[in-house]
Amino acid sequence: MTAQALQFGASLAAILLLAGLARRLGLGGDIRLRETEQARRLGEEALCGFEAEDIALDRAGIGALLRDRDGRVMILRRHGARWAARLLDGHETVRLDRTFLTVATRERNFGAITLDLGDHAQVWAGSLRRIK
């Protein structure tokens, strides 16, 4: 009985230690875009020289669309605990459903993403349809 209690205590201590370490390292957090400056920085990190002038954040913070002064459009999406970014030189699908805009890239690994852009969804849908 004492051996089982000792083993249980050691296991609990190890779990708490690992949980504390994960928290200190910032692992497993809820990764979301909270402000346009964060999206702007991620766009610059993804592509050197990309300076976003127009940014549309998803309301839930799961992605964003960015446009630079040259008219290039970048899409940001969450990929696990990190962010993935792609320049849209073309697309498979742009579908608008009220405030939701679904964009599917030609790159199968990146896939499609549906963003809730609110009132900006129609404007972005129109501009993305012009990209061939």
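The values are calculated or read from the model by the stated rules, or taken from the named source; none is laboratory data. These numbers come from a predicted model, not from an experiment. Cβ coordinates were reconstructed from backbone atoms using ideal geometry, including for glycine residues, and neighbour counts include every protein chain displayed.
Considering each of Gly26, Gly9 in turn, give the residue that is more than 22 Å from Gly126 (Cα to Cα) and surrounded by 10 or more Cβ atoms within 10 Å (Cβ to Cβ). I'd like the intermediate steps shown before the answer.
Values: Gly26 fails: surrounded by 10 or more Cβ atoms within 10 Å (Cβ to Cβ).
Going through Gly26, Gly9 in turn, the sole match is Gly9.
Can you spot a residue in segment 95-112 that is in contact with a helix residue (DSSP H, G or I) (Cβ under 8 Å, 6 or more places away or on another chain), outside any strand (DSSP E or B), on the phi > 0 side of the Ramachandran plot and without any contact (Cβ under 8 Å) to a residue 40 or more places away in the chain?
Checked against the condition, which is being in contact with a helix residue (DSSP H, G or I) (Cβ under 8 Å, 6 or more places away or on another chain), outside any strand (DSSP E or B), on the phi > 0 side of the Ramachandran plot and without any contact (Cβ under 8 Å) to a residue 40 or more places away in the chain, segment 95-112 yields at least one hit.
For Ile75, which of the numbered conditions (1) in contact with a Leu (Cβ under 7 Å, 6 or more places away or on another chain); (2) touching a residue at least 40 places away in the same chain (Cβ under 8 Å); (3) closer than 30 Å to Leu27 by Cβ fails to hold?
(2)
When both residues are 6+ apart or on different chains and their Cβ atoms are under 7 Å apart, which pairs have a first residue that lies in segment 21-41 and is modelled with pLDDT under 80, and a second that is surrounded by 12 or more Cβ atoms within 10 Å (Cβ to Cβ)?
Matching pairs, first to second residue: Gly28/Ala22.
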